[in-house]
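See structure below.
The values are calculated or read from the model by the stated rules, or taken from the named source; none is laboratory data. Please read all numbers here as calculations on a predicted model, not as lab measurements. Note: ideal-geometry Cβ built from the backbone for every residue, glycine included; neighbour counts use all protein chains shown. Surface accessibility is based on the protein's heavy atoms, side chains included, excluding ligands, DNA and RNA. Shrake-Rupley method; radii C 1.70, N 1.55, O 1.52, S 1.80 Å.
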Amino acid sequence: MSQSLQFIGALLVLASCLPARLGRLAPAATPRLWLRFVGASLITMDAFAEQQWGFLLLGGACALYALSGLVDWARGRPAPGREPA
């Protein structure tokens, strides 16, 4: 179970990078933030359960960064590079 959660989380984080690389979404686009937040949260939860502190720090920081962008979006404050909703 642990490996599959890490794999799914990693795929979601990586999938958040592809649209920006291809020029299809801005780096701070809301769909990218959701993919990154969910993927990093999965990695963080699994790292906590497995006591993998380095991955906990990395995944947690990535999840918090994405969450801060989502909170800004929810408050109606678009980040630079993101069009207003």
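Across ALA66, ALA15, ALA74, mean-square fluctuation computed from a Gaussian network of the chain (C-alpha pairs under 10 Å connected) peaks at ALA74. Mean-square fluctuations from a GNM of the chain, with a 10 angstrom spring cutoff on Cα atoms, peak among LEU56, LEU22, LEU14 at LEU22. Normalised by the number of residues in the chain, the mean separation of alpha-carbon contacts (under 8 Å, six or more apart) gives a relative contact order of 31 percent. For the chain, take the longest principal axis of its alpha carbons; what is the angle in degrees between that and the long axis of helix 30-50, to the nearest 10 within 0 to 90? It is inclined by approximately 20 degrees. Residues in the chain average 68 Å² of solvent-accessible surface per residue, probe 1.4 Å, ligands and nucleic acids excluded. The phi-based Karplus calculation (6.51 cos²θ - 1.76 cosθ + 1.60; θ = phi - 60°) puts the 3J(HN,Hα) values of the range 7-16 at 5, 5, x, 5, 5, 5, 5, 5, 5, 6 Hz, whole numbers, x for Gly and Pro.
For the options ALA49, ALA28, ALA63, a Gaussian network treatment of the chain with springs between C-alpha atoms closer than 10 Å singles out ALA49 as fluctuating the most. Each label point was placed 7 Å from the Cα along the Cα-to-Cβ direction; for LEU64 and GLU50 their separation is 2.2 nm. Solvent-accessible area of the chain (1.4 angstrom probe, protein heavy atoms only): carbon and sulfur portion equals 70 percent.
FRET efficiency for the pair ALA74 and CYS17, taken as 1/(1 + (r/R0)^6) with r the Cβ-Cβ distance and R0 = 30 Å, rounds to 0.85.
Counting only Cα atoms, the chain measures 39, 26, 17 Å along its principal axes, largest extent leading. A simple spin-label model places the labels of ALA26 and LEU5 3.4 nm from each other, with each point 7 Å out along Cα-to-Cβ.
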